[in-house]
1. Take L57 and tell me if it is modelled with pLDDT of 95 or more, touching an Asp or Glu at 6+ places or on another chain (Cβ under 8 Å) and in the same structural domain as K184 (by TED's automatic domain parsing).
2. Evaluate segment 226-242: report whether one residue or more is touching a residue at least 24 places away in the same chain (Cβ under 8 Å), in a helix (DSSP H, G or I) and aromatic (F, W, Y).
3. When the residues of segment 214-244 are filtered to those that are over 28 Å from M67 (Cβ atoms) and surrounded by 12 or more Cβ atoms within 10 Å (Cβ to Cβ), which remaining residue is farthest from the chain's Cα centre (by Cα)?
4. Collect the residues in segment 145-155 that are outside any helix (DSSP H, G or I) and either within 16 Å of the chain's Cα centre (by Cα) or buried (at least 17 other Cβ atoms within 10 Å of the Cβ) (or both), keeping them in residue-number order.
5. Looking only at segment 124-169, filter to residues that are among the charged types (D, E, K, R) and at pLDDT 95 or above; which one of those is nearest to F83 (Cα to Cα)?
6. Being within 16 Å of Y237 (Cα to Cα) and either among the hydrophobic types (A, V, I, L, M, F, W, C) or in the same structural domain as F72 (by TED's automatic domain parsing) (or both): is that true of L188 here?
7. Scan (1) closer than 22 Å to I96 by Cα; (2) touching a strand residue (DSSP E or B) at 6+ places or on another chain (Cβ under 8 Å) for the single condition L142 breaks and write down its number.
8. Just give me the residues in segment 1-44 being modelled with pLDDT under 85 and loosely packed, with under 13 Cβ neighbours inside 10 Å, in sequence order.
Amino acid sequence: MKIIKIDAINSTNDYLKYTISPDKKKSTILVYTFNQKMGKGQRGNKWVSEPGKNVALSLAVFPKNFMVEDLFFMNIFTSVFLFKFLESQKIKNLKIKWPNDILSEKKKICGILFESVVKKDIIEKLIIGIGINVNQTDFNGLKNASSIKLTSNKTINLDSLCHKLVQEIEKNLSFFKCPISIKKNVVLSEYLTNLFGFKLFKSYRLSNGKKIKIKIIGVNNDGSIKTENENGDIKKYYFKEIQLIY
């Protein structure tokens, strides 16, 4: 795996998407920085990052026999992978927020963004972007954002944290490159066990502004969640159709 550290960059995902071309062997490439100026998040949001305070990392892999319909499972695997990594760093009260944010004390400290190159329903190139709020303490009024420092009251060495994360990625690289080798039932069980709001009623806002109270009872292969309301009615929702109200 080729590892690249960059002092400052607009987006690590864009760097792998537009700047780096694969070699003939299609080697895995990992790029990281502590100063990402225009990070991207879900729903088209910007990832607010103070220079020298956080970790932004992107991994480009060329998976084998990886179909488009399997993409959400890779999302589940990566969420569980990062959950376990942060848990190993003694971060408190961690939960996974559907589809792939990591919460600590009910606030977001880590996000994941997938981008892919698809040809005839086969994913030829997958870019996995990871952003971890580490030592930042001011998020410009974003009440649902937090950092490792805020939850632990400790300043973290970015180089040390990133080195440990890269080591864990290298240990699990075979799964990122060949997702069919993952034990799906085991990973899905871990995802649901640690999913915020699983089998618990929480308030959500629909895309039309309406507020509802539902509980998540499962996830579907297409990335949607299976939910149940207080009357026992079952319905599925996609990511852009619903948003958690903290």
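The values are calculated or read from the model by the stated rules, or taken from the named source; none is laboratory data. Only a predicted model underlies this, so the values are computations on that prediction, with no experimental measurement involved. So basically every Cβ, Gly included, is an ideal-geometry build from the backbone, and we count neighbours across all protein chains shown.
1. On the way: modelled with pLDDT of 95 or more: yes; touching an Asp or Glu at 6+ places or on another chain (Cβ under 8 Å): no; in the same structural domain as K184 (by TED's automatic domain parsing): yes.
Considered against the rule, which asks whether it is modelled with pLDDT of 95 or more, touching an Asp or Glu at 6+ places or on another chain (Cβ under 8 Å) and in the same structural domain as K184 (by TED's automatic domain parsing), L57 comes out as no.
2. Looking through segment 226-242, at least one residue is touching a residue at least 24 places away in the same chain (Cβ under 8 Å), in a helix (DSSP H, G or I) and aromatic (F, W, Y).
3. For segment 214-244, the residue satisfying everything is N229.
4. Step one: of segment 145-155, the residues outside any helix (DSSP H, G or I) are 145-147, 153-155.
Hits for segment 145-155 are A145, S146, S147.
5. This residue is E168.
6. No: the conditions fail for L188.
7. (2)
8. Once the filter is applied, which keeps residues that are modelled with pLDDT under 85 and loosely packed, with under 13 Cβ neighbours inside 10 Å, segment 1-44 yields T19, S21, D23, K24, K25, M38, R43, G44.
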